[in-house]
Amino acid sequence: MKVVFLLFDSLNRHALSCYGAAGMQTPNFDRLAQRGVVFDRHFVGSLPCMPARRDIQTGRLNFLHRGWGPLEPFDHSLADILRSNGVYTHLITDHYHYFEDGGAGFHGRYSSWEFIRGQEKDKWRPAIRPDAASFAERYHERMHDFSADINSKLPYFVNRDYLQQRGDFPLAQCFDSANAFLDAHHGDDRWLLHLECFDPHEPFFAPERFLQSHPQALGGKIFDWPSYGRNDLDADLLAQLRANYHGLVSACDHYLGTLLDTFDRHDLWKDTWLVMSTDHGLLLGEKEYLGKNRPPFFNEVAHIPLIVTAPASTGIEPHRDAALTQTIDLMPTMLSIFDQPIPPEVTGHDLLPQMRGGSPARVTESDSPGAIYGQFGAAINYTDGRYTYFLYPQVPFEQDLFQYTLMPTHMRTFFEPAEFTDAALDRGLSFTRGYPVMKLPMRADAKANMIRRYPLLEAKTALYDLQSDPEQLHPLQDAALERRMRDAVAAQLIANEAPPEMFRRYGLPMPDAAAAETDTAATRGAVPGSTLPASAA
């Protein structure tokens, strides 16, 4: 058996015509949908980029225990399990976050990997004497950021100049490499090709030929990179931004077509699965917001595409599937495709029985058949497919918030010494498989504090009925229903082994086991052989 796993970044479900996009035509996504199972209620897990990828690799939610960070030494990763059991795994990606401090450990789990350079802030081309005056002339004032700061946008302007001169875009290179892999290995068996494209993530930089059908992207100063937050763009500038995004989605659609052509040419459909999804969406002016991280996780961000095509021999016919699924289901599903056992700590679900017409993966085994999703330190969001519930902390955002990790790195930096103040070792999490982990209090003054870098907007608990209010414009006021949602969230926290302080933080009833853990934590002695104290609640 063989699998091509195609992952885009920030691919909005509502930008695809197979999901009913208004005014957008994506014929190759339609072509894929006609061959596969189209999941209509697929939701995110942890956000944003690297937390989502840890979900995908481990089949567990990242956001309850830590923020942006690497794979952990105790993680059973999809790529490593397959490689260790005779499945060749190859990664092709231009997603440069894998190669920063906060993405360590992911690519090394594959049998082989290829990194294609030049996306966004990838520190690729030298910028010793950047021509800031020229950049200021070409790019809209809202994008001016030419400093040497590690988080500056300067690398994008330098990379873009080089890529335009060369005429070779990372997206095209990704698909060229994938098609070459399939040309060379379509006759081989037992491999997984993970093709991962940074596009259509911002900046929305597409070859001009893909902008011809989106003319508002053309002319004037370039504006293709929004700041996250409230939408304060005028109508013309917002239209330009959206046109650049849709032009980049058109490019993704085109290159997807080359992959489908390769499948046709080698008749890979007979023995090769194709799994296509994304990590999350983003807001482009909807509900007066731009981007992600800061606004509530409305469905523009959280409700994402998933299409899976199965070989004819499986008996799985193309259809639309309305059952609730989420990102953490991808790992156990792909393990199941290769007949590999699913590690006991995995909380995602194998979707193969559901795809064959069986019961939905998330059946009512308890009072909580739904899914939670979110971003470290922000709301815990819940959906059962009918309702969405955004539950925000009842305490200041750094209070009762800890990172549980053995890999103390942020996106682009190591943790600061101050972040180890009051650090403890915790041995109470079963999914760490015996590894003690550091329990590090979140500090408001930490330079890489993502909560301070992306302060939350509209951070108030809200409940929506997707049936009567699919646009999530009118929060419900229903005390009984909200109690049911809170109970469902608490049940999900228990199922996902959330740390005890999470129940206090969100004002939820603490289960007996967690309460006992809290009572005994203060009486624990030091962890043998460690200079750190034992975990305290």
Lone qualifier among P318, P332, P305 - being touching a residue at least 24 places away in the same chain (Cβ under 8 Å) and touching a Ser or Thr at 6+ places or on another chain (Cβ under 7 Å): P305
Matching residues in segment 276-327 - criterion: being more than 24 Å from P226 (Cβ to Cβ) and touching a Leu at 6+ places or on another chain (Cβ under 7 Å): M276, I307, T309, T325
Segment 413-464, subset more than 30 Å from L290 (Cβ to Cβ) and among the basic types (K, R), residue farthest from the chain's Cα centre (by Cα): R427
Filtered residues of segment 381-425 (kept if assigned to a strand (DSSP E or B), more than 30 Å from A322 (Cα to Cα) and out of contact with any Gly (no Cβ under 7 Å at 6 or more places or on another chain)): F402, Y404, F414, A424, L425
Test: residue in segment 361-381 that is among the acidic types (D, E) and closer than 21 Å to E458 by Cβ: no
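Conditions (1) at pLDDT 95 or above; (2) among the polar types (S, T, N, Q); (3) assigned by TED's automatic domain parsing to the domain that holds R66; (4) surrounded by fewer than 14 Cβ atoms within 10 Å (Cβ to Cβ), marked per residue:
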position: F431; (1), (2), (3), (4): yes, no, no, no
position: V437; (1), (2), (3), (4): yes, no, no, no
position: R443; (1), (2), (3), (4): no, no, no, no
position: I451; (1), (2), (3), (4): no, no, no, no
position: P470; (1), (2), (3), (4): yes, no, no, yes
Residue match in segment 72-91 (condition: in a strand (DSSP E or B), of a type outside the set (K, R), under 22 Å from I372 (Cβ atoms) and touching a helix residue (DSSP H, G or I) at 6+ places or on another chain (Cβ under 6 Å)): no
Selection status of F106, touching a residue at least 40 places away in the same chain (Cβ under 8 Å) and in the same structural domain as E208 (by TED's automatic domain parsing): yes
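Can you tell me which of I307, I316 is within 19 Å of F39 (Cα to Cα), part of a loop (DSSP other than H, G, I, E, B), more than 14 Å from the chain's Cα centre (by Cα) and modelled with pLDDT of 95 or more?
After ruling out the rest, the residue left standing is I316.
Residues checked against (1) surrounded by fewer than 24 Cβ atoms within 10 Å (Cβ to Cβ); (2) farther than 26 Å from N496 by Cβ; (3) among the aromatic types (F, W, Y); (4) touching a Phe, Trp or Tyr at 6+ places or on another chain (Cβ under 9 Å):
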| site | (1), (2), (3), (4) |
| --- | --- |
| K2 | yes, yes, no, yes |
| L7 | yes, no, no, no |
| H14 | yes, yes, no, no |
| F29 | no, yes, yes, yes |
| L47 | no, no, no, yes |
| I56 | no, no, no, yes |
| W68 | no, no, yes, yes |
| S84 | yes, no, no, no |
| F99 | yes, yes, yes, yes |
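The values are calculated or read from the model by the stated rules, or taken from the named source; none is laboratory data. Here the structure is a predicted model, which means the values were calculated and not measured. Quick reminder, even Gly has a Cβ in these numbers, built from the backbone with ideal geometry, and neighbours come from all protein chains shown.
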